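So the structure is just underneath, and the comments pick up after that.
The values are calculated or read from the model by the stated rules, or taken from the named source; none is laboratory data. Keep in mind that what you see is a predicted model, and the values were worked out from it rather than measured. Cβ atoms come from the backbone with ideal geometry, glycine included; neighbour counts cover every protein chain shown. Keep in mind that these areas ignore ligands, DNA and RNA; they rest on the heavy atoms of the full protein, side chains included. Shrake-Rupley method; radii C 1.70, N 1.55, O 1.52, S 1.80 Å.
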Amino acid sequence: MSLGTQRQGQLGVNAVEKIVLADWGARWQALDAHNDDGVDGLIFLERGQELSGQIVFAQIKCQEVKKRPDGNYVIPIKSQKLAKNLEVWRKVVGAAIVVLVDPQTLTARWVDARPSTSTTASQILVPEGQHFNAAAKGEIGKLCGTLHQDLLAQKVHTFADDFLHLRTSSHLQVATRALYKKLAQASFSLGHDGERVIFDRDGWRHITRPNRSQLARHQSFILLGAAAKIIEACDEDLCNLWSSDTNDGKTRFFQLDSMVTFPFRQTGLVRLVLKKSLTRISEDRSLKFWTLYEPRRKYSGLGVQEPRHP
């Protein structure tokens with residue numbers, strides 16, 4: 001590599017670093033031997049001046065390239081090297097992007113390095129309108145997925161005896177209804193000694209409402225076996241109990257996220273929602289079960305929302 005090429009490459013790195021530090025308020029870590037492994041540096045995103053846990057793996061190309069009629073800039077690259085880089089980009093935990101820097105103006109554009117639409121056999125395609133600037137931080141942050149958040153959720157372990165309703169000859173909804181009645185007769189509290197949680201008919205009606213998809217109902221039926229353990233494992237200081245009010249201010253919903261292990265399938269993030277009426281004074285104002293589901297069911301393994309196909 002000539003000194004001129006090295007100098008131009010460093011200008012590209014400096015341009016990206018400046019945007020990351022000044023416009024993103026994030027951290028940049030350059031890597032050695034950046035021309036060999038497909039990654040020039042790491043971007044550590046921050047939230048409230050603290051590391052968020054999101055990492056962006058970036059390769060930087062500072063060179064003049066041609067623009068196709070469809071608006072994509074074309075970065076030529078040897079097919080063997082591209083294949084090697086793709087292998088790296090697709091297995092890192094975080095976002096993987098390629099940043100194209102114009103050596104004359106030092107303006108930059110970026111592309112998600114993982115999708116097949118971003119490359120051909122020996123080219124990387126960078127959209128003309130995808131500028132690497134302050135506004136790009138949000139979109140690139142989404143590519144990091146949700147693992148950085150999900151790993152902070154409380155851990156809940158379930159066992160075969162928690163899912164006896166899945167092992168009967170009865171129809172699933174009938175067996176789950178019997179389980180729900182048992183839950184309604186039992187006594188539960190957040191973290192054992194916290195606020196009381198009850199299962200009443202409103203919760204059952206909500207998860208079985210006619211306008212809810214059959215598959216969504218089916219998922220709640222299966223997950224109901226973990227509901228008691230999720231509630232009793234909740235430490236309000238650790239499980240990030242989240243609440244939101246309805247528009248009329250009469251009801252508050254509380255969200256409990258848990259990373260649940262199952263005896264019959266892979267671990268998954270499960271969201272249990274409780275509700276409380278804010279208008280009752282003399283009546284019982286206990287928390288009530290409302291629903292439970294997997295919030296990442298439409299996301300990839302990294303927690304990235306991907307295009308859906310029928």
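The angle between the Cα long axis of helix 172-185 and the longest principal axis of the Cα atoms of the chain comes to about 70 degrees, rounded to the nearest 10.
The share of Cα pairs per 10 Å bin across the chain, counted from zero up to the longest distance, runs 5, 22, 24, 17, 16, 12, 4, 0, 0 percent.
Working note: Karplus 6.51/-1.76/1.60 with θ = phi - 60° gives the stretch 20-30 the couplings 4, 6, 7, 8, 8, x, 10, 10, 10, 10, 6 Hz, where Gly and Pro are set to x.
Here Asp32 and Ser116 are evaluated by their C-beta separation; at R0 = 22 Å the FRET efficiency comes out at 0.15.
Converting phi to 3J(HN,Hα) with the Karplus coefficients 6.51, -1.76 and 1.60 and the offset θ = phi - 60°, the stretch 68-73 yields 7, x, 7, x, 8, 7 Hz in sequence order, with x at every glycine or proline.
Rg over Rh for the stretch 44-143 works out to 0.97, using Cα positions for both radii and the Kirkwood form for Rh. Applying the Karplus relation 6.51 cos²θ - 1.76 cosθ + 1.60 with θ = phi - 60° to the stretch 143-159 yields 3J(HN,Hα) values of 5, 6, x, 10, 4, 4, 8, 4, 5, 8, 5, 4, 9, 10, 10, 10, 9 Hz, where x marks Gly and Pro. Taking a Cβ cut-off of under 12 Å around Phe163, the surrounding Lys, Arg, Asp and Glu residues balance to a net charge of +1, with basic ones at +1 and acidic ones at -1. Remark: accessible surface ordering of Leu223, Leu143 (largest first) is Leu143, Leu223, probe radius 1.4 Å.
Extending 7 Å from the Cα toward the beta-carbon at both Leu21 and Leu51 defines two label points whose distance is 1.9 nm.
Normalised Debye scattering of the stretch 95-135 at q = 0.19, 0.20, 0.24 Å⁻¹ gives log10 I(q)/I(0) of -0.55, -0.61, -0.82, counting only Cα atoms as equal scatterers and leaving out solvent. Taking amide H as placed 1.01 Å from N in the peptide plane, Thr146 has its amide H under 5 Å from the amide H of Gly303, Val304, each at least 5 places away in sequence or on another chain.
In this structure, the amide hydrogen of Arg47, modeled 1.01 Å from its nitrogen in the peptide plane, lies closer than 5 angstrom to those of Ser52, counting only residues at least 5 positions away or on a different chain. From helices alone, the chain scores -7000 deg cm²/dmol at 222 nm; the rule is -39500 (n - 2.57) for each run of n ≥ 4 DSSP H residues, then divide by the residue total. Which residues' amide hydrogens lie under 5 Å from the amide hydrogen of Lys61, considering only partners 5 or more residues apart or on another chain, with H built in the peptide plane? Result for Lys61 returns Val99, Leu100, Val101.
Against the longest alpha carbon principal axis of the chain, how many degrees, from 0 to 90 and to the nearest 10, is the axis of helix 214-223 turned? That helix lies at roughly 70 degrees to the long axis. Helix 79-89 and the long axis of the chain differ in direction by around 30°, with both axes built from C-alpha atoms.
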